[in-house]
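*Asks:* The structure follows.
The values are calculated or read from the model by the stated rules, or taken from the named source; none is laboratory data. In this text the structure is predicted, and so the values were computed from the model without any measurement. Note that each Cβ is placed from the backbone with ideal geometry, even for glycine, and that neighbours are counted across all protein chains shown.
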Amino acid sequence: MPFDSGNMSDIRVKVHRRGGDVLIAACDSDLVGRKLMEGELRLEVSDEFYGGDRGNEEMLLNRLAMATMANLVGVNVCRIAAEHDFIDRECVMTIEGVPHAQMVRY
């Protein structure tokens with residue numbers, strides 16, 4: 001999956017904790033509030049779930065390092081995660097042309 005470079009400092013990251021799990025929800029900031037639909041696929045990039053801290057690549061990498069799971073949406077977020085081996089580029093799907101990936105660490 002090719003990723004074009006963009007504004008790497010405009011990322012939103014929110015940390016959700018449940019028991020021993022740490023879920024990181026991260027997206028490119030311009031996607032917050034969008035509802036992506038393609039065929040049977042639906043993804044709402046809600047402020048409630050994704051609208052955490054604004055940050056850059058370093059912040060995203062620090063949060064991914066502590067995550068047991070991650071939900072990633074957007075060109076920049078998925079590119080950064082793939083470049084640092086948190087996700088496999090081959091496992092990134094697109095919805096309305098927007099990259100989306102999930103990570104689970106055991």
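*Asks:* Of all the strands (runs of 3 or more DSSP E) wholly in the range 1-104, which have at least 3 residues that are in contact (Cβ under 8 Å) with a residue 40 or more places away in the chain and crowded, with 20+ Cβ neighbours inside 10 Å? Explain how you work it out, then say what you get.
*Replies:* Numbers: elements: 11-18, 21-28, 35-38, 41-44, 53-55, 69-73, 93-95, 98-104.
Once the strands (runs of 3 or more DSSP E) in the range 1-104 are filtered for at least 3 residues that are in contact (Cβ under 8 Å) with a residue 40 or more places away in the chain and crowded, with 20+ Cβ neighbours inside 10 Å, what remains is 11-18, 21-28, 69-73.
Rundown of residues vs (1) modelled with pLDDT of 95 or more; (2) not β-branched (Val, Ile, Thr), yes/no style:
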residue: 8; (1), (2): no, yes
residue: 71; (1), (2): yes, yes
residue: 75; (1), (2): yes, no
residue: 85; (1), (2): yes, yes
residue: 105; (1), (2): no, yes
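*Asks:* Which numbered condition in (1) under 11 Å from residue 98 (Cα atoms); (2) touching a Leu at 6+ places or on another chain (Cβ under 8 Å) is the only one that residue 26 fails?
*Replies:* It is condition (1) that residue 26 fails.
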